[in-house]
Amino acid sequence: MLCPTELRAHQLGNKINSKPSQFTHQVFILHTNSANSKLMPAAFAFIITAEMQKNRAKIYTVSQVNTLIKAALEENLPSRLIVRGEITNWSIGPTGHRYFSLKDENGILPCVMWASRFKTVKFSPEDGMAVLATGHIDVYTVGGKYQLYVDKLEPEGVGALQLAFEQMAKKLRAEGLFDDAHKKAIPAYPERIGILTSESGAAVHDIRDSIHNRWPCAKLFLYPVPVQGEGAAEEIAAGLRDVNKRNEALKLNVLIVGRGGGSREDLWAFNEEVLARAIFDSKIPVISAVGHEVDTTIADLVADARASTPTKAGVTAVPDMREVLGQLTYFEKSLASKARAILELCGQNLRTILASAVFRNPLLPVRNAEQQLDELGTKLVDLIRELLVEANAKLHASYEQIVKIEPHRLLGRKTVDLNNLRNRANVAIKTIINRRRMQLTAKANLLAGLNPKSVLQRGYSITTAKKTGLLVRKPEDIQIGDYLITELAPKGLADENLIESKVTKK
Amino acid sequence: MAKGKQKSDIEKLTFEEAIKELTSIVGKIEQGQIPLQDSLEQYEKGMALIKHCRGILQKAEKRIEKISEPETKSQ
């Protein structure tokens, strides 16, 4: 899994770490009353001893001694030297200065590197790392020690940039930034492509040509960014984030980040963490196209796809239009031929169906149905006939039963009885009527004798006033001039027995 | 009417969407397991998609536009 350079660093690390506490950090302190010459390196001790011999009687202040040492160092040591050693006690001060020591098998050398100097160091120094430190030796009078003021720090063996690259790659790989799982698919047919590179460089033309040669319909959008120098990585990263933020409007399908070839330093922006994170965070798939084929940058590792050079960007980003047109033609032919085949197949099926017995004798189903209908009809008639016969039989049985009861004879007997009763009733009623009639006649005769009018028969008459219709009993009952009605015994018609007369005298 | 709608729908597709749909149509028709009526509709749609794709490919401007700075940086 590890690439060779990494492996090397790994082994180196192991070797160093295998003897971690062979050397201990030593502090050199010159104190007025406890100068311990044993702790001083031999050359140093010699210089001081010589000075002291010259001025045997003189008493020095600490500052004076330090000044002497400083002068002696400046005089006797090269103004600039490169020291090879292993880093130990690496630490960062609150001001950003780096404090550490270099050691070898026999000794230790305190070092300091100012923050302003350390900014140029691309790799991350750490304990156990073999380095070449360049700088000058001077005395740190406040601490009473001499130290190496480092202005350049390089890893030993590999170049500083190579180490920095390896360290960054290791760190980001551990974080999973290079994992395939995070790689977004490059759209197969991008129509809008964003390019982040320098406006003035050759890369923009290379990328454009390489895309348009294959896929002329792509719309390209250049986002000009500096691609080298201080702050370039930050600007490219900001560009990536800006494009992502505005992509609802820009509608870019894919981004290409790159630049043409150059020195390792020139390409360095593409190895910086800030850019790697921006590429990783991009929602739009990112293709890297940095430098020459042999160059690999962190951007290449973290990008969703990599073009080895800007001139190859097109191959990674877009399909070849000729191939796509060929595919379209194939689709066209395939569709046409398959559609025709389906038509033919359906036609064939139709012919097969038409050739079947059903279509040769289309009335057959009708005839079959008719036959079935006939059969059903016959069955139905038989069934009804059967039912009728059964019902008839039942009716007959009932009739027989009724006949057995002989209703006519019963009727005859009852008629005779009825006639007898009627006769008896008639006789009885007649007897009663006659008896009543005789009683009635007797009463009538009796009544006739009592009728006032029956006196008329005997020669009496009844006089009434015509006006009042009242009986005239007394002379006061009438006035002169009144008309009287005299009723005599009737002879024939009712009115003939009435005589009208006028009162003329009383 | 439905056909007119279908046509305008196709014109809205990106190349990628159109190719995807076209591939699926070709696949379906090649398998031959769709009813005749459907296959004819699919055929017509496929041809319309091919035309649309060719149209996109012919719109080659070979231009490169510059993305301007965001208009409202205060946003």
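No lab work stands behind these numbers, since they all come straight from the coordinates. Please read these numbers as outputs of a predicted model, since none were measured by experiment. So basically every Cβ, Gly included, is an ideal-geometry build from the backbone, and we count neighbours across all protein chains shown.
Using helices alone, I'd like the mean residue ellipticity at 222 nm for chain A: each DSSP H run of four-plus residues gives -39500 (n - 2.57), total over residue count, nearest 500. Provide the component values of the computation, followed by the final result.
Numbers: 16 runs with 238 residues, N = 506.
Taking each H run of at least 4 residues, the total per residue is -15500 deg cm²/dmol.
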(message) In segment A:373-438, if the dipole is taken from +1 on Lys/Arg beta carbons and -1 on Asp/Glu beta carbons about the Cα centre, which of A:Leu376, A:Pro407, A:Leu395 is farthest to the positive end?
(response) A:Pro407
(message) At most 16 other C-beta atoms within 10 Å and a DSSP loop state: those are the exposed GluC sites (Glu not before Pro) I care about. Give me the longest piece of chain A that has none.
(response) A:294-506
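Which whole-number percentage describes the relative contact order of segment A:455-502, with Cα contacts under 8 Å and a sequence gap of 6 or more? Provide the component values of the computation, followed by the final result.
Numbers: 72 pairs, mean separation 17.4, N = 48.
Worked out over segment A:455-502, it gives 36 percent.
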(request) On a C-alpha basis, how far is the centre of segment A:459-474 from the centre of segment A:117-150 in Å? Whole number, if you could? (result) 185 Å
(message) Test of understanding: what is the full-extension gain from A:Leu350 to A:Asp138, defined as 0.36 nm times their sequence separation minus their Cα-Cα distance?
(response) 65.8 nm
(request) Could you work out the local net charge near A:Ala341, counting Lys and Arg as +1, Asp and Glu as -1, over the other residues with Cβ closer than 14 Å to its Cβ? (result) +2
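Rank these for me by crowding, A:Cys346, B:Cys53, A:Cys217, going from fewest to most other beta carbons within 10 Å.
Working: A:Cys346 15, B:Cys53 24, A:Cys217 21.
Fewest-to-most Cβ neighbours within 10 Å comes out as A:Cys346, A:Cys217, B:Cys53.
Among A:Thr297, A:Thr415, which comes first, then next, by fewest other beta-carbon atoms within 10 Å? Write down the numbers at each step before the final one.
Numbers: A:Thr297 26, A:Thr415 10.
Ranked by crowding around the Cβ, least crowded first: A:Thr415, A:Thr297.
What percent does the relative contact order of chain A come to when contacts are Cα pairs within less than 8 Å and at least six residues apart?
Working: 648 pairs, mean separation 40.5, N = 506.
Averaging sequence separation for qualifying contacts and normalising by length gives 8 percent for chain A.
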(request) Calculate the spin-label point distance for B:Glu41 paired with A:Leu343, positioning each point 7 Å from the Cα along the beta-carbon direction, and give it in nanometres. (result) 1.9 nm
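Given a Förster radius of 45 Å and the C-beta distance between B:Glu30 and A:Leu380 as r, what FRET efficiency does 1/(1 + (r/R0)^6) yield to the nearest 0.05? Show your work: numbers first, answer last.
Working: r = 58 Å, r/R0 = 1.28.
Result of the calculation: an efficiency of 0.20.
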(request) Please figure out what share of the DSSP beta bridges in the protein assembly as shown is antiparallel and state it in percent, rounded to the nearest 5. (result) 60 percent
(request) Evaluate the distance, in nm, between pseudo-label points positioned 7 Å from the Cα of A:Lys245 and of A:Ala57 along their respective Cα→Cβ axes. (result) 7.9 nm
(request) Give, rounded to the nearest 20 debye, the magnitude of the charge dipole that the protein assembly as shown has about its Cα centre when Lys and Arg contribute +1 at Cβ and Asp and Glu contribute -1 at Cβ. (result) 5800 debye
(message) Tell me the net charge near A:Ala130. Cut-off is 9 Å between Cβ atoms, A:Ala130 excluded, with +1 for each Lys or Arg and -1 for each Asp or Glu.
(response) -1
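Tell me the net charge near A:Leu275. Cut-off is 10 Å between Cβ atoms, A:Leu275 excluded, with +1 for each Lys or Arg and -1 for each Asp or Glu. Before the final figure, lay out the partial values.
Details: positive: A:Arg277; negative: A:Glu234, A:Glu235, A:Glu272, A:Glu273.
Summing Lys and Arg as +1 and Asp and Glu as -1 gives -3.
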(request) Taking chain A as the reference, fit the longest principal axis to its C-alpha atoms, fit the long axis of helix A:203-214 to the helix C-alpha atoms, and give the angle between the two in degrees, 0 to 90, nearest 10. (result) 50 degrees
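Given 0.36 nm per residue, what is the gain on full extension from A:Asp180 to A:Ala369 after removing their alpha carbon distance, in nm? Numbers along the way, then the final one.
On the way: separation 189, 0.36 × 189 = 68.04 nm, distance 7.21 nm.
Roughly 60.8 nm would be gained on extension.
Using the beta-carbon distance between A:Lys443 and A:Glu487 and R0 = 45 Å, what value does 1/(1 + (r/R0)^6) give for FRET efficiency, to the nearest 0.05?
Values: r = 25 Å, r/R0 = 0.56.
Between A:Lys443 and A:Glu487 the formula returns 0.95.
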(request) Estimate the FRET efficiency between B:Glu21 and A:Ser124 by the formula 1/(1 + (r/R0)^6), using the beta-carbon distance for r and 41 Å for R0, to the nearest 0.05. (result) 0.20
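Using the structure shown, select from A:Lys333/B:Lys12; B:Lys28/B:Lys66; A:Lys70/A:Lys170 the pairs with a Cα to Cα distance greater than 31 angstrom. Write down the numbers at each step before the final one.
Numbers: A:Lys333/B:Lys12 24 Å; B:Lys28/B:Lys66 42 Å; A:Lys70/A:Lys170 43 Å.
As for pairs spanning more than 31 Å Cα to Cα, those are B:Lys28/B:Lys66; A:Lys70/A:Lys170.
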(request) For A:Ile462 paired with A:Asp417, estimate the spin-label separation in nm (one decimal), with each label point 7 Å from Cα along the Cα-to-Cβ line. (result) 5.9 nm
(request) List A:Met438, A:Met168 from most exposed to least, where exposure is judged by having the fewest other Cβ atoms within 10 Å. (result) A:Met438, A:Met168
